[in-house]
Amino acid sequence: MKLVLDTNIYCDFAEGIAEVVDTIAENGDLIFMPAVVIGELVYGFMKGTRQRFNENKLKEVIQRLGIEIIKIDEDIARKYASIYLSLQIKRNKIPINDVWIAASSAGVGGTLLTRDKHFEVVEGVDTMILT
């Protein structure tokens with residue numbers, strides 16, 4: 001299975017939360033992370049007191065798991081526009097970065113692994129929502 005990691009899943013994995021570690025190990029034949037997730041993580045690292053440690057750990061996890069970073073390209077941008085319009089038409093709101101994350105996941109045909117239930121309202125994106 002192609003797993004696409006949301007920000008909260010990376011954080012849980014980095015903390016060694018068994019449910020997340022096991023889910024990735026059991027289902028992650030290929031593992032992806034949207035560039036937007038990297039941005040959210042680095043922003044959080046910059047606000048904290050252990051920026052260098054956290055950035056090094058992120059690089060280590062990406063390398064160890066062979067995570068492929070999903071870059072924003074024209075295809076992802078078009079998926080973003082379609083998802084965003086669909087959400088507006090249905091009057092569903094989710095954080096704008098999560099629209100980009102959903103588009104990135106759809107762009108690689110992956111299953112988005114997340115803890116955010118609001119992804120349930122996004123059409124055309126396969127999700128695995130951990131509780």
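Close amide-amide hydrogen proximity is noted between Asp126 and Leu112, each under 5 Å apart and 5 or more residues distant or on a separate chain (H modeled in the peptide plane; Pro and chain starts excluded). Among the trypsin sites (Lys or Arg not before Pro) within the range 1-97, those in coil by DSSP and having at most 12 neighbouring Cβ atoms inside 10 Å are Arg50, Lys71, Lys90, Arg91, Lys93. Here's the list of lysines a cross-link from Lys2 could span, going by alpha-carbon distance under 25 Å and ignoring same-chain residues fewer than 8 apart: Lys57, Lys59, Lys71, Lys79, Lys117. The smallest convex shape that holds all Cα atoms of the chain, its convex hull, gives 100 Å³ per residue.
Against the longest alpha carbon principal axis of the chain, how many degrees, from 0 to 90 and to the nearest 10, is the axis of helix 18-27 turned? Result, in degrees: 70. For the range 2-129, the dipole from Cβ point charges (+1 on Lys and Arg, -1 on Asp and Glu) about the Cα centre works out to 480 debye, to the nearest 20.
With a ≥ b ≥ c the root eigenvalues of the C-alpha gyration tensor of the range 50-96, is it rounded (a/c under 1.5), prolate (a/b larger than b/c) or oblate? Prolate, since a/c reaches 1.5 and a/b exceeds b/c. What's the angle, to the nearest 10 degrees (0 to 90), between helix 96-108's Cα axis and the longest principal axis of the chain? Helix 96-108 sits at roughly 90 degrees to that axis. For Glu68, the residues 5 or more places off, or on other chains, whose built amide H falls under 5 Å of its own are Ile31, Phe32, Met33. Mean residue ellipticity, 222 nm, helices only, the chain: the sum of -39500 (n - 2.57) across DSSP H runs of n ≥ 4, divided by residue count and rounded to 500, is -18000 deg cm²/dmol.
Only the coordinates and a few stated rules stand behind these numbers; no lab work does. Keep in mind that this is a model prediction, so the values were computed, not measured. For neighbour counting, all protein chains shown are included, and Cβ atoms are generated from backbone atoms with ideal geometry for every residue, glycine included.
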